[in-house]
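Single-structure report; data block below.
The values are calculated or read from the model by the stated rules, or taken from the named source; none is laboratory data. Only a predicted model underlies this, so the values are computations on that prediction, with no experimental measurement involved. When we count neighbours, we look across all protein chains shown, and the Cβ atoms used for this are built from the backbone with ideal geometry, even at glycine.
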Amino acid sequence: MDLSALLVPAAVVGGLGLLTSLRILFEYERGVIFRLGKLTRAKGPGLIFLVPFGVERMRKMDLRIVALDIAPQDTITKDNVSVRVNAVVYFRVADPTKAVIEIEDYYFATSQLAQTTLRSVIGQSELDELLAERERINEVVREIIDEGTDQWGIEVTGVEIKDIDLPQEMKRAMARQAEAERERRGKVIAAEGEYQASMKLVAAAEIMERFPVALQLRFLQTVVEIAAENNSTTIFPIPIELFRPILERDAGSTDRKATARALKFAAESMVEALPEGGDRAAIEAAARKMIGMSASATEEQKEAVPAKQPEERDDER
């Protein structure tokens, strides 16, 4: 028998066996190797060699993070409110050997564990906690799922509750509650504003009590504001308190002309301060009336003084 006739088929068989024993794994992949059905170890990434002719077999595992969508779960909270919650779980294969040996289908098992854990945690929480403390509930669910999947070689990196669907009755009740809370805040803010304004008014009143001229300046400012509205006729009262400093200054004097001149000067000052559009005739009439009242008061003071003098002389005697 020719030796070359045996070498050629052997070389062909050896070349085919070599080609079938070579595997290339990406950076995010690992290969779990079984030799005659017995686990050896996980290999990769890169080029790996397997014993040909079915002696060693490989199962490829992906180590990238998987986003698992949890179907909406109907559950009841601790305060007996029916809600529908759905979430998403992020996990990855941390130990490819355990993921192959310990569990048949780690993807399906992780999904079922996530659903039951989510329903359990929601049932132990009240609705207000579920809405306000979502981050804490996410962390609790993640820790429970991660603890359950750790023996499978699965690492849970995160859990996020996507949506919480409430009944329509509960949504309307929450809307009424929010509206009532907004009204309460508005009333509290308005009351606080009134309190602060009253404190400022008290301080202003104390200043005007010490300085009566400030009241006159404030009155003139009000007149200017009224005249700015382009009114054809402006009617406003003139309190006698505006002229009290002038009357008190001239109370000791018996000169009627001096008092009249002072009142006249005050009336002219008010007329000059009146802006355009104001009722100048009304101001002048009020000023003349005040001058007449002051003159009458001065006459009464003159008559009262001599009446008291004889009594004082009798007392002296």
* To do: Mind listing just one residue for me: the one in region 147-180 that is among the hydrophobic types (A, V, I, L, M, F, W, C) and part of a helix (DSSP H, G or I) and, of those, farthest from Q112 (Cα to Cα)?
  => A180
* Can you name the condition, by its number, that G186 falls short on among (1) over 17 Å from S120 (Cα atoms); (2) in the same structural domain as S82 (by TED's automatic domain parsing); (3) of a type outside the set (K, R); (4) modelled with pLDDT of 90 or more? -> (2)
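Pick from A10, A71: which is modelled with pLDDT under 90 and assigned to a helix (DSSP H, G or I)?
Testing whether each residue is modelled with pLDDT under 90 and assigned to a helix (DSSP H, G or I) leaves just A10.
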* To do: Only one of these is under 52 Å from the mean Cα position of the chain (by Cα) and assigned to a strand (DSSP E or B): A42, A87. Name it.
  => A87
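In this structure, does A94 turn out to be under 23 Å from E139 (Cβ atoms), surrounded by fewer than 19 Cβ atoms within 10 Å (Cβ to Cβ) and more than 35 Å from the chain's Cα centre (by Cα)?
Here the answer is yes, as A94 does meet what is asked.
Residue-wise test of (1) in contact (Cβ under 8 Å) with a residue 40 or more places away in the chain; (2) surrounded by 13 or more Cβ atoms within 10 Å (Cβ to Cβ); (3) more than 25 Å from the chain's Cα centre (by Cα).
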site	(1), (2), (3)
V141	yes, yes, yes
E147	no, no, yes
I154	yes, yes, yes
E160	yes, yes, no
* Asked: If only one of G15, G44, G31 is of a type in the set (G, A, S) and surrounded by fewer than 13 Cβ atoms within 10 Å (Cβ to Cβ), which one is it?
  -> G15
* Asked: Of the residues S111, S120, S125, which is free of Cβ contacts under 8 Å to residues at least 60 places away in the same chain and outside any helix (DSSP H, G or I)?
  -> S125
* To do: Kindly list the number of the only condition in (1) closer than 21 Å to Y107 by Cα; (2) touching a residue at least 40 places away in the same chain (Cβ under 8 Å) that fails for T75.
  => (1)
* To do: Determine if region 199-222 includes at least one residue that is touching a residue at least 40 places away in the same chain (Cβ under 8 Å), of a type outside the set (D, E, K, R) and not assigned by TED's automatic domain parsing to the domain that holds V85.
  => yes
